[in-house]
1. Set the Förster distance to 60 Å, then compute FRET efficiency between residue A:97 and residue B:344 from the Cβ-Cβ distance, nearest 0.05.
2. If you take the charge dipole of region B:225-328 about its Cα centre, with +1 on Lys and Arg Cβ and -1 on Asp and Glu Cβ, which of B:286, B:312, B:268 is farthest toward its positive end?
3. Show A:318, A:179 ordered by accessible area, largest first, where the area counts protein heavy atoms only and the probe is 1.4 Å.
4. Given a 1.4 Å probe and no ligands, DNA or RNA in the count, how much accessible surface is buried by B and A, both sides, to the nearest 100 Å²?
5. Can you tell which of A:306, A:369, A:400 lies farthest toward the positive end of the dipole of region A:286-427, using +1 and -1 charges on the Cβ of basic and acidic side chains (Lys, Arg; Asp, Glu)?
6. Which one, A:452, A:485, A:423, is farthest towards the positive end of the dipole of region A:423-502 when Lys and Arg carry +1 and Asp and Glu -1 on their Cβ?
7. Can you list the HN-Hα couplings for region B:2-10, worked out from phi with the Karplus curve (6.51, -1.76, 1.60; θ = phi - 60°), rounded to whole Hz and with x for Gly and Pro?
8. Given C-alpha coordinates of region A:168-207, what is the ratio Rg to Rh with the Kirkwood estimate of Rh?
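The values are calculated or read from the model by the stated rules, or taken from the named source; none is laboratory data. Quantities reported herein were computed from a predicted structural model and do not represent experimental measurements. Every residue, glycine as well, gets a Cβ built from its backbone with ideal geometry; the counts of neighbours run over all protein chains shown. Surface areas here come from the heavy atoms of the whole protein model, side chains and all, with no ligands, DNA or RNA. Shrake-Rupley method; radii C 1.70, N 1.55, O 1.52, S 1.80 Å.
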Amino acid sequence: MPELNLTSAPAHLRHGSSIGQPLTRRDGVLKVKGQATYAADNHPPGMLFAVMAVSSIAHGRVTSLDVAAAKRHPGVVDVMTPDHKPQLAIDPEIKTNPFVFRMEVLQSNEVRYANQPIAVVIAETLEAATEGAVLLAPCYETLPALVGLDAGESFVPPVVGVGNPAENHRGDVEAGLASAEKQIDVVYETPPQYHNAMEPHAIVASWDDDSVQIDMPTQGLMLSLTRVAELFGIAHDKIHIRSPFLGGGFGSKGLMAGPPVLGLMAAKLVGRPVKLVLRREQMYGPVGHRAPTRQRLRIGADGEGCLTALDHHARTVSSTFDDFYEPAADASHTLYAAPAIRTSHDAVRVNTGTPLFMRAPGEATGSIALESAIDEMAWACGMDPLAFRLKNYAEVEPITGKPFSSKALRACYDQGAARFGWSKRSLQPRQTRDDAGLLVGWGMGTATFPALMFQAEARAAIRRDGTGAMEIGAHDMGQGAWTALAQIAADAVGLDIDRVEFKAGTSDLPDAGIAGGSAHTATAGAAIHSAGAAVIAKLADLATKDQRSPLFGAGNAGVIARDGRLIRRDDENRSESYTEILARAGVAEVEARGTGAPNPAAMEEYAMHAHGAVFAEVKVDPELGQIRVTRMVGAFAAGRIVNPHLVKSQLFGGMIWGMSFALHEEAITDRRSGRIMNANLGEYHIPVNADVPPLDVITVDEYDPHVNALGIKGVGEIGITGSAGAVANAVWHATGVRVRRFPIRIEELLT
Amino acid sequence: MKQFDYVRPATVAEAVAAAAQPGATYLAAGTNLLDLMKGGVSRPDRLVDVTHLDGLDQIERLADGSVRIGALVSNADLAHDAEFAKSYPAVVEALLSGASAQLRNAATVGGNLLQRTRCAYFYDTASRCNKREAGSGCDAREGENRTHAVLGWSESCIATHPSDFCVPLVALDAIVEIEGRNGRREIALDELHRLPGHTPERESALEPGDLIVAVRLPPAAPGFAAHARYLKVRERTSYAFAVVSAAAALRIENGKIAEARLALGGVAAKPWRARAAEDVLRGVAPTADAFQDAAWRALADAKPSGDNAYKIELARRIVVRALTLAAAGTPARIPALPASPFASTSGAIHA
Ligand SMILES: Cc1cc2nc3c(=O)[nH]c(=O)nc-3n(C[C@H](O)[C@H](O)[C@H](O)COP(=O)(O)OP(=O)(O)OC[C@H]3O[C@@H](n4cnc5c(N)ncnc54)[C@H](O)[C@@H]3O)c2cc1C
Ligand code: SF4
């Protein structure tokens, strides 16, 4: 990994506060020049290539592998199989904590899903390893595959998502429905989806005795390190992971999956560095996905359009061997003020890799169903969808009754609707055509995502030359951590951003927690903020206790750090530079650590969520059924905006993802074999440039004193929620056809 | 990857000799073939790279008014030849609606004609596929087949030919020039692709070693330039294969259709020329009723091969629309969203 040379366009450098500035990303130039080293770009001397052979059946057993044929192929060095592999220190089937998922690392001949790794061929070249994997010509004993939402006996999972109860209720739903004047009872379906990060999962592993150097994209350096340590029985300080850049993760690179472990095992087996990169189609199995759902919503409203009850049930799937349950129904907990709410889940087990967090897990699937159903309910009540949502605006969190720590959703509705021109919408569907005769429809959806906090630590230093350093093992998945966190760091130590050496992306730095749950900027940012405050306090101590300093006697609380100086709060004329303070004290640098963590007391008291409102316009060909989104406006309130430029990009990305959910994305599974038939980016459709209309993002001011010290809520996932439903609702408004199975297909609109 | 020989012949004769060997395959830009090789779907022993052959990358106007397009002309170069676009606008609209700009820059005319089906079971080597492995069965028949054929299919194979380019070409009576072991011959494009019958593995009329050297459009083809369109319904605005497409070309004289040409894409194992529909349009006024009638004729023999009955109705509607658009006149410029139902939408800046 070459020295990171992060840059900012000089025009963007600003004195004073860094937070809030729209800096361009500091790793942008590196990336454009191809100098940003992703994991697979590493080639240590002597490196071999490993290629996984994966199962073509979804359920059964491997009965034979032609290892001899593979080994005869020129260039093949070794073939790792269940019978020939390094021993792990613990059984990979043991779940040592809730964030450990079972993985397939050749522990047996059993096949539990299609594309499961069944052997690894290691060779001098990628081509030889690839052909070696083909020559293995596996034979199987095939058992019937469990496929789809009706695969077998359903059950109520113990928990959904991360430890959420499978069922929740408040008030009497049946009574609420019985008393309703208007009622709907509708079933929505969402398909399996795959993360499809642009960068496939990859690892380059080099063992040196019992220590190991790992290049691997990860959203959780320390979680990965801990898992490697326990699987291989080595101490934490023997492991060094570098993950400076990820080409997207979306949840699939959060927890250690089987393939990188196989890369480590392969390197150990052959005693040489090994690179293992997944092929695109191999990402449809062992590295997680979003499970399909079938959601039934029963909603009642009184004559005024006030909700009387909201019942949201979600059926989902997990794998046959582990548990992750898409918490889709939980989307109904926070948005609409129904006096009676019930959410529940059940599931069946199917032969897939275990589902996993995928960008807005639960919120995305739940939101498209809930927002569509709310739209149906508004129509049933004869009300404008925005008026209906305002009528049922939740002043406190409906499922808990807690007040919100902040909630500027009303402003989102107002500003978004004004920008979009929503007031001109016809109530009736299929009323509007453009000049070319295309049907035009307008739809909206409410966006929401919890404001989470995890645990993180950072180390800050201020040096005698007047520069600062901030170290934190944070992760840049493309969202802009190299930039946004450095902005927070700059303010935390009172220096311009180019005077702060910001280090991130390796496992030898303080633990930044996980880049997930839209909580990374908030959590890592809080740690940086507190480390900065701590180091400034130390520096202030040096100055204010020294009679020779103009700050003598000011006391810790009495100075502020700005532009490389400590300044008396009550008298800005009295100040001293960091260099002067440290030189006089005869110290090279002062350093301190700080942490970021959730505040249990605040969480007990408040419901904490980001909110938004998304408005979409679609055009539909009235005879041919092809759909095109022509306009989207999203207004989001997500606390303090650290970098408006990056935040906008995150929200754009989320809105596009939402559009993709409504119109494009689906892993097509063969109902007999359980194989995914479109495991490539040519046929697994996501929007291309031509599908993406001008997007308009408004960030609504929101001050939140409770979520964390900086008042930051996340923006990584919320953009999907609301958007998917807005597009679906716009399709209904354009055509008058309510499609309840996503993605919406042409044939459903051929009326 | 399987090891294979790579040869780069200097002349067409050498190429034909090299490719006539069992296990040999021509390599053009490789945008389809290399994908198939990476997936283990094609495992040739020898690649005969034709991209360095001289003289096959020209667009020639012949004295009789026809145009001869060399097999190595790239899809993009052909589409961006202004003179060609003026004479054969539907061909250009089809080309520009296919794949992506990057793929079109690489892909060749010959390769486009001979690209393989996109049937997922053909690509998935763990599935049974009569086309990939003769006699093994067809997993698409009872599988995920909502985009499969509705015309000309057999119990052995329900795949479609995915090319957009071929659809207007077949409507305009394109001719394929072939160099083979017995010298040069030519056939109508309509005869190049075979319907599956009992032998879906035999996809074309080509014999081992046969090299497509050029595609010719006959002198009559530019006569349709004023009323020629391609329309392609797909699941996203760009970079997707057709669910169903149609090329419609009319010669209108004195308010009547003197001659009509109509072909469908995405419905059969070959670009589907709808001659019966053309017949009913001859000599009638270009009215909605006439187009409806033509659409019914075009799909008269259609039947679903799976979860795809909707494609029949969709195809009818596409025929009507394509004919309507053609009758309205070829636009002065190729739309920014070529062949799209949204072609007329203003403000579209990507294709
Ligand atoms: C993601 C993706 C999306 C696509 N979307 C579309 C689309 O929307 N519409 C569309 O029409 N196409 C689409 N294509 C297909 C594309 O048009 C073809 O891949 C391309 O035209 C093939 O040309 P090539 O020169 O690369 O052929 P190659 O891949 O080199 O060859 C293809 C086949 O033709 C044979 N061959 C090539 N040249 C000759 C010759 N002169 N004589 C005899 N045999 C020959 C080869 O042996 C091989 O079997 C898409 C492709 C991809 C990968
Ligand atoms: S439809 Fe044809 S190409 Fe597809 S699986 Fe069947 S035989 Fe193969």
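1. Efficiency for this residue pair is about 0.55.
2. The residue sitting most towards the positive pole is B:268.
3. Largest to smallest exposure gives the sequence A:179, A:318.
4. Interface area, both chains combined: 3600 Å², rounded to the nearest 100.
5. Going by the charge dipole, the pick is A:369.
6. Checked the options; the winner is A:423.
7. Coupling constants for region B:2-10: 4, 6, 8, 7, 10, 10, 10, x, 8 Hz.
8. My calculation puts Rg/Rh at 1.45.
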